[in-house]
Amino acid sequence: MADPGDPAPSDPPGDRVTRLVEALPFAAFTVDERARVRVFNAAAGELFGVDRARALGRAIIEVVPSVDLERMVEEALATGPCSRDVILGRGTRERYVGVTAQPYENGAIVIAVDRTALLAAEKMRSDFIGNVSHELRTPLSAMKLMLETVLVADDDAEARTLFLPQIQDEVERMIGLVEDLLELARSESGTVRLRRERFDLGDVAASTVNTFAQRADALSLELELEAPAPVTVDADRGSLRQVAVNLVDNALRHTPAGGSVVVEVRREGDDALLVVRDTGVGIPFADLPRVFERFYVVDRSRSREHTGTGLGLAIAKHLVEAHGGSLTAESVYGQGATFTMRLAVAPGANLKVS
């Protein structure tokens, strides 16, 4: 009979390891010296899309069909710890999984973390910095060269007349870029303060069309407004005007002479729609999911003007989403594009429009 003062018997080491691995909040599994799975926790089952029960006792290559993962397990069993990324899946379903494997109790333990989103965010950050640097360096280099030419030319009136207006244009473009960057930073951080009021969305559309009328004429484009009936929204007028401005500006820059841009406001059920349609160059199907990314341009060579900052659509999308709405793009390449902003109609504006 055991003495009451004796310590309670401890669990077998294998049971302790099993409970420990299964309790981990991240993906982990252990293998024996033949690379056969001993323990496969729930997080690992979710990460690798594997039934935990079917994984036990099988070779790791059977459980997760990845030669790179198998080699890491073998490396840990043979030589010691290793850590690197393993690519799983293919094409659009490709994922990057950070894997660390090391020897553990006559076998090895493997910890895995899905790094796909993190690496994508890091690439976006790197691309963003590169794009900003390019957008600033190019005009600054041009301005430096033009200023040097004016200074060397001394009192040459022709040089001043030629280069000073260009320098002013580049300064204005950089100011616009910085302002857009600040606006994008505010909208992405969620710190945009919406000053909501009730107004007719058609008024914002009409104001925007009037603003761009002269530019459309200069580009030999037709700019039309279709707003047959009032559509009342409860929103920030300034923000929605900026959305409309960015959408129309984008349409004008990508529509050849002789084409048209239509700004339409209508009600659809309980939604208020602002639609901007153009007969421009259109957007390739593969590029549609990316048109709202910062600095993303489908094809700069096909744009009528190169004065855009590449931030307008990204800003517009964030502003619309701050209102709880959505902004979508549709296009058939070569046949124009349609951008649709959808917001809730103002509460109480329940009159149906036929």
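The values are calculated or read from the model by the stated rules, or taken from the named source; none is laboratory data. Keep in mind that what you see is a predicted model, and the values were worked out from it rather than measured. Please note: Cβ atoms are built from the backbone with ideal geometry, for glycine as well, and neighbour counts cover all protein chains shown.
Listing for the model above:
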read-out: Condition met for L77 (without any contact (Cβ under 8 Å) to a residue 60 or more places away in the chain, of a type outside the set (D, E, K, R) and either part of a strand (DSSP E or B) or within 30 Å of L311 (Cα to Cα) (or both)); value: no
read-out: Strands (runs of 3 or more DSSP E) wholly inside region 196-241 that include at least 1 residues being touching a helix residue (DSSP H, G or I) at 6+ places or on another chain (Cβ under 6 Å) and buried (at least 19 other Cβ atoms within 10 Å of the Cβ); value: 222-226, 232-236
read-out: Helices (runs of 4 or more DSSP H) enclosed by region 1-67 - at least 3 residues per element that are modelled with pLDDT of 90 or more and either under 37 Å from the mean Cα position of the chain (by Cα) or closer than 13 Å to I111 by Cα (or both); value: 42-48, 60-63
read-out: Some residue of region 230-248 being more than 31 Å from the chain's Cα centre (by Cα), among the polar types (S, T, N, Q) and either assigned by TED's automatic domain parsing to the domain that holds T340 or modelled with pLDDT under 95 (or both); value: no
